[in-house]
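**Q** Quick one: the structure is below, and I'll ask about it shortly.
The values are calculated or read from the model by the stated rules, or taken from the named source; none is laboratory data. Predicted model, so just to flag it, every value in this text is computed and none were measured. Every residue, glycine among them, receives a Cβ derived from its backbone with ideal geometry; neighbour counts consider all protein chains shown. Keep in mind that these areas ignore ligands, DNA and RNA; they rest on the heavy atoms of the full protein, side chains included. Shrake-Rupley method; radii C 1.70, N 1.55, O 1.52, S 1.80 Å.
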Amino acid sequence: MKHLLIGALSLVSLLANASVEENPAEALLHQMDQATEQLNYELSYILVRKNSIEPLRYRHATVDGESFGHFAYLSGPLREAIRRGDEVSYFEPGIDPFTIQSTQMVAPLPTIMQADIDHLATMYDFVSLGRAREAGLPCEVVRVSPKDGARYAYVLWIDQKTKLLVRADLLDRDGDPIEQYRALSLVESPQVEELMRQLATVELPPVVQLPKQEDSGLGWKVTSMPEGFTPIYSNRHRLMITERPVESQMFSDGLFSFSVYLSQADDLSVREQLVRKGRRTLHSHVSGNAEITVVGDIPPDTAKKVAESVRITAPVKTGDAAP
């Protein structure tokens, strides 16, 4: 009996190890996730889009047990974001600096750097593509592909030594690149922590107290969308120029997001419109007396399907809309 128990335990152990070995790409992404949040590093890179190239820099360090981050554009007007723990401050030309409570920066960083890998594994396949060289560094290459084919894919180059992300290609459903994040240099050093420690004493804008999100009672619902997308925010407001009331809801799968807008159709409404710029798609159409618009980081076919699945259960409210 004892031998049988030992044999059973050994079999369970072997199966567990085999499961890990069968998923080396997912294990590597977990290592990348840990390195992104725990190491002290500076990453200089370019964001390549169809008609533009932007030089950017991101620094990260752990200061007294808290995660500090500093993102900055390296050309044009000064634009930057600073993260101290669970607070992020934004500095943009033309608007007053502000701080919000969050652990994630809204900045042109590969979204995979701030994603929950376990959650993504339910919707995406992680496939090892071998080894390559990027920014002078030997890398492991991993493809992140949607299981349903209804969203974009990533190909990632991860530094073998630090496990940090040094390149990310966002691909459309035909496998063509939409945009690329490509590192020019990567420095991992305690000196980065010393530099970032200075942010601990910098006076930043006070935290903006966002109004409590209440049930907006939207008079419509989306009945078909890719699995894993869940509502994270809804709102009712008026357009600045026309004063037309608009209801909106944002959805995210943890890697990509999109918003659905619904308003009353009028003489200016376009019966059918599709615009795609890089990763961003806008699809708008009129259903009955409602204009439905989907805007976000999803393929055009997916945006069209989401828009056409909206079912209206009540008229768009015209009063008590936020300005």
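**Q** Are there DSSP H segments in the chain that both extend 24 Å or more along their axis (alpha-carbon positions) and score a mean Kyte-Doolittle hydropathy of at least 0.5? List them, or say none.
**A** Those that pass (Cα extent of 24 Å or more, hydropathy at least 0.5) are 2-21.
**Q** Here's something else I'd like to know. If you wrap a convex hull around the alpha carbons of the stretch 21-88, what volume per residue comes out, as a whole number of Å³?
**A** Per residue, the Cα convex hull of the stretch 21-88 comes to 120 Å³.
**Q** The stretch 105-199: percent of C-alpha pairs farther apart than 19 Å?
**A** Looking at the stretch 105-199, the distances longer than 19 Å represent 48 percent of pairs.
**Q** Where does each of 86-94, 149-157 land if you order them by average Cβ count within 10 Å, highest first?
**A** Top of the packing list down: 149-157, 86-94.
**Q** Let me ask another. Over 20 Å intervals from 0, what percent of Cα-Cα pairs in the chain sits in each interval?
**A** Once binned at 20 Å, the Cα pair distances of the chain give 26, 53, 19, 2, 0.
**Q** Taking the Cα centroid of the stretch 72-87 and of the stretch 140-193, what is the distance between the two, rounded to the nearest whole Å?
**A** 21 Å
**Q** Enter the accessible area per residue of the stretch 38-92 (Å², integer; probe 1.4 Å; all protein chains in place).
**A** Numbers: 2480 Å² over 55 residues.
Per residue, the stretch 38-92 has 45 Å² of solvent-accessible surface.
**Q** While we're looking at this one, here's another question. Could you check how much of the accessible area of the chain is carbon and sulfur, as a whole percent, using a 1.4 Å probe?
**A** 53 percent
**Q** Okay, next question. Provide the packing ranking of 124-133, 162-171, 104-113, i.e. peptides ordered by the mean count of other C-beta atoms within 10 Å per residue, highest first.
**A** 162-171, 104-113, 124-133
**Q** Name the shape class, rounded, prolate or oblate, that the alpha-carbon gyration tensor gives for the stretch 46-182, where a ≥ b ≥ c are the square roots of its eigenvalues, rounded holds for a/c under 1.5, and otherwise prolate holds if a/b is larger than b/c and oblate otherwise.
**A** Note, shape of the stretch 46-182 comes out prolate.
**Q** In this model, which of Lys50/Lys305; Lys221/Lys305; Lys147/Lys305 are farther than 19 Å apart at the alpha-carbon?
**A** Lys50/Lys305
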